[in-house]
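This report concerns only the one structure given below.
Bear in mind that the values in this text are calculations on the coordinates, not laboratory data. This one's a predicted model, so the numbers in the text were calculated from it and none came from an experiment. Cβ: placed from backbone, ideal geometry, glycine included. Neighbour counts: every protein chain shown.
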Amino acid sequence: MIVRSRHLLLACVLLMSPSAFAQQDQDAELKALREEVRQMRQEYEARIADLEARLDATENPPAETRSLAAEPAPKLEAEPETEPYDPKPYEPEPVYSAQTVSVARDSSFNPAIGVTFQGQAWSYEHDPEDYMIPGFPLGGEAGPAPEGLSLAETEITMSANVDDKFTAMLTVPIVIEDGDVVVELEEAWVETLALPGGLALRMGRFFADIGYLNNRHFHSWDFADQPLAYQVFLGNQYIDDGLQLRWLAPTDFYLEFIGEVLRGDRYPAGGAANSGVGSTTLGFKTGGDVGISNSWLFGFSWLSADADERESGDEDEPLLFTGDTDLYIADFVWKWAPNGNSRQQNFTFQAEYMWRNESGFYQLPSVEDGPWDYDQSGWYAQAVYQPFPRWRFGVRYDRLSGDTPDMIWAGTPLYPLGDDPTRYSWMVDWSNSEFSRLRFQYNHDSATEMTDNQFGLQYIFSIGAHGAHTF
Amino acid sequence: MQKIIRVFLLPVLFLLPVMAEADIRVFACEPEWSALAEEIGGELVTATSATHALQDPHYVEARPSLISKVRKADLVVCSGAQLEIGWLPMLLSKSNNPRVLPGKEGFLEASSVVQRLGIPDSIDRAQGDMHPQGNPHIQMNPHNIARVARAMGDRMAQIDPENAQSYARGTTDFLERWGEAVSGWESRARPLAGKRVVCHHQSWIYLEDWLQLEEVATLEPVPGIPPTASHLSALLSELGTDGSGADAIIRAPFQSAKASEWLQDRTGIPAVMLPLTVGGSEAATSLFGLFDDVLDRLLALQAGS
């Protein structure tokens, strides 16, 4: 308010001044102005003379170069070169920091924000609402996409450095569940930047760093859905709250060890057992190059979780499991791109094997509690080929297998079919740029009681900041 | 538990003796900067480049082998200006090496010490792959190489103060040789001034600025989008068929020759591949060879026409 009234006052004074005082002081003012102009002219003349002299020196260099000056010469530095050659540095302006542009605005500290838009259309022969794999109840977010047109998750990401020692990341997918808009929290973590010895500590909610696909966002999958093994053993993707410690060995080839302690509140853990420290993981990754066109990555990880009345299967009448679950994952990826130029042409082979033992007891709505101690396994292998820019073609094979449980489980969702569940998938996608992708996918799904032919269309578009992808 | 410890830690014990020792380990994103690091630091540095001359530095993968190299680097030198935006941030965040994070002495962004050209007035992805901080291909003006050399020498001295004098000597010695070479190139290049060029991608803006070439068109319709048939036929009608539309069609070794040869055959304008960095051609074995060869190739066109 004070500021505004001052401005008002100043405006009044300015408005009044010419009419009130101009005539009286006209002569004196004119004199002063003339004097000022004279001084300015002197000053500028001196400067111009100086500039002319300098220009002359650069345009007419001494002796032998002058004869060549007639023909157009390549642009030289503004000043003639002296010995030794002394280049002047330009004022630095960092690019890869979180705060890049205009320092003057408050918004310059805003995090990098990105939005990914994803939608799909699926056609099934059998109602996807009733989708189940006998013997392998699905947990977490697993299961087929809704029939017909639907919106997949719309993902908002924000990330920035907190200070010189920490960086933070937030991923908030907005999903439609039974017609309601639901905002989820997929990732909310802070990570150290300055730990010595190749260590990094992450805290918060994150994708567990196990297997190859578990910590990849929906938009970077090569197929529109996760492999069956991921759907059954990890509920599509295992996300939990806790701590992650990574150590990168100082070796000549890539070798990294990862350990996590997690709350254990989400499938395949459940109920935040063991006083809220219900799940731990341990794993390593290694990889390297073969020539300049090939690279590979191998990983092995182990997830050990306590489950306390963990839900799986049908949402309305869930199966409840209490006990220990151990999951081992071996993953392997081979990528080829001629001369390492993946933009033109590339090929990726990827396979993962999972083995799980669960021991404890199951509670079913219709049956009495029963003991459970069985092994199950699953694997997939896929190949994606980009023969020319923009187009990629992929094929994937899925298979699950497991022990046949006791007859008390016959007729329940825990009792498998005679044959191992399998599925074949084909996909084609087209990307106009790295920010847009359209995909067609076909699944021949023999995992369920009746084989299903599934056709899907999908789009993925991102705007704003888009983080670099991992290998 | 013991079994687990054995499985996870045994490999480490085997690998510990393998770790190599050097005064400064330089991780360069592009071959020109690893070559420059070796020119300046000589035997005191071990330099590796993440990319080679036949790769497009915009698009490489954040490969595991690169993560382990950044982990051990004392100095990371990259062109910057978002050239490596698709992979370098991932390498830096995965490599757990606080010494080489942006803002630290161990991270040198080469384009920050030169006058960047081609800074766009407005930013919109509809205009293609944009570089808000300007064109990142700064190495094609030798004056820029000299500026980066100075900055790099300073950084090396900060990182390894014991050998500071050697790095200073290395820098002065390089700049002396470079200054001589530059004046040689500049007098050789006089006939090239004012020539008009068509470029595959805007990789040559600093070369054009240095040699006073005029860029009349690019084969890419917008930066980062591969040449399309419709854009090429529009170029054909613009440039004419009598060879007078421009003096050369320029591409880098990793860019497909198809588009430039198609246009060469129809317009009569000679297409030429120019090395964009050290190793881009047989003759471009060093930074000196790079510019020698670029001029040789351009002057050969000039002589042929």
Exercise for review: Using just the helices of chain B, give the 222 nm mean residue ellipticity in deg cm²/dmol: DSSP H runs with n ≥ 4 each add -39,500 (n - 2.57), and the total is spread over all residues, rounded to 500.
Suggested key: -13500 deg cm²/dmol
**Study point:** Residue-wise HN-Hα coupling along region B:81-98, computed from phi with Karplus coefficients 6.51, -1.76, 1.60 (Hz; x: Gly, Pro)
**Key:** 6, 6, 4, 9, 4, x, 9, 5, x, 5, 4, 5, 6, 8, 8, 6, 10, x
Revision key, fill the gap. Taking a ≥ b ≥ c as the square roots of the Cα gyration tensor eigenvalues, with a/c under 1.5 meaning rounded and otherwise prolate when a/b beats b/c or oblate if not, region A:108-172 comes out oblate
Review point. Dipole of chain B, Cα-centred, from +1 at each Lys and Arg C-beta and -1 at each Asp and Glu C-beta, to the nearest 20 debye?
Key: 1060 debye
Revision key, fill the gap. Residue-ordered couplings for region A:256-263, obtained by feeding phi - 60° into the Karplus form 6.51 cos²θ - 1.76 cosθ + 1.60 and rounding to whole Hz (Gly and Pro as x), are 10, 10, 10, x, 9, 10, 10, 5
Review point. If amide H atoms are built 1.01 Å from N in the plane of the peptide, which residues on other chains or at least 5 residues away come under 5 Å of the amide H of residue B:218?
Key: B:199
Exercise for review: Take each uninterrupted DSSP H stretch in chain B, measure its Cα extent along the helix axis, and return the ones at 18 Å or beyond whose mean Kyte-Doolittle hydropathy is at least 0.0.
Suggested key: B:2-15, B:287-304
Check your understanding: Which net charge results when you count Lys and Arg as +1 and Asp and Glu as -1 among the other residues whose beta-carbon is under 13 Å from that of residue A:349?
Key -> -1
Check your understanding: How do B:178, A:334 rank when sorted from fewest to most other Cβ atoms within 10 Å of their own Cβ?
Key -> A:334, B:178
Study note, to complete from the structure: In a Gaussian network model of chain B with springs linking alpha carbons closer than 10 Å, the residue among B:136, B:120, B:275 that fluctuates most is B:120
**Study point:** Net charge contributed by nearby residues that have their C-beta within less than 15 Å of residue A:381 (K/R +1, D/E -1)
**Key:** -1
**Study point:** Residue-wise HN-Hα coupling along region B:54-61, computed from phi with Karplus coefficients 6.51, -1.76, 1.60 (Hz; x: Gly, Pro)
**Key:** 8, 10, 7, x, 5, 10, 10, 8
Point to revise | Relative exposure of B:177, A:399, B:116, judged by other C-beta atoms within 10 Å (fewest first) | key: B:177, A:399, B:116
Review point. In a shell of Cβ-Cβ distance under 10 Å around residue A:118, excluding residue A:118 itself, what net charge do Lys and Arg (+1) and Asp and Glu (-1) give?
Key: -1
Exercise for review: Name the most mobile residue of B:277, B:172, B:48, meaning the one with the largest mean-square fluctuation, in a Gaussian network model of chain B with Cα contacts below 10 Å.
Suggested key: B:172
Check your understanding: Considering only chain B, what is the antiparallel percent among its DSSP beta bridges, to the nearest 5?
Key -> 0 percent
**Study point:** Listed residues A:440, A:471, A:391: farthest to the positive end of the dipole of region A:324-471 (Cβ charges)
**Key:** A:391
Review point. By counting other Cβ atoms within 10 Å of each Cβ, how are A:184, B:162, B:220 ranked from fewest to most?
Key: B:162, A:184, B:220
Practice item. Round to a whole angstrom and tell me the spacing of the C-alpha centers of region B:117-162 and region A:215-238. Key: 39 Å
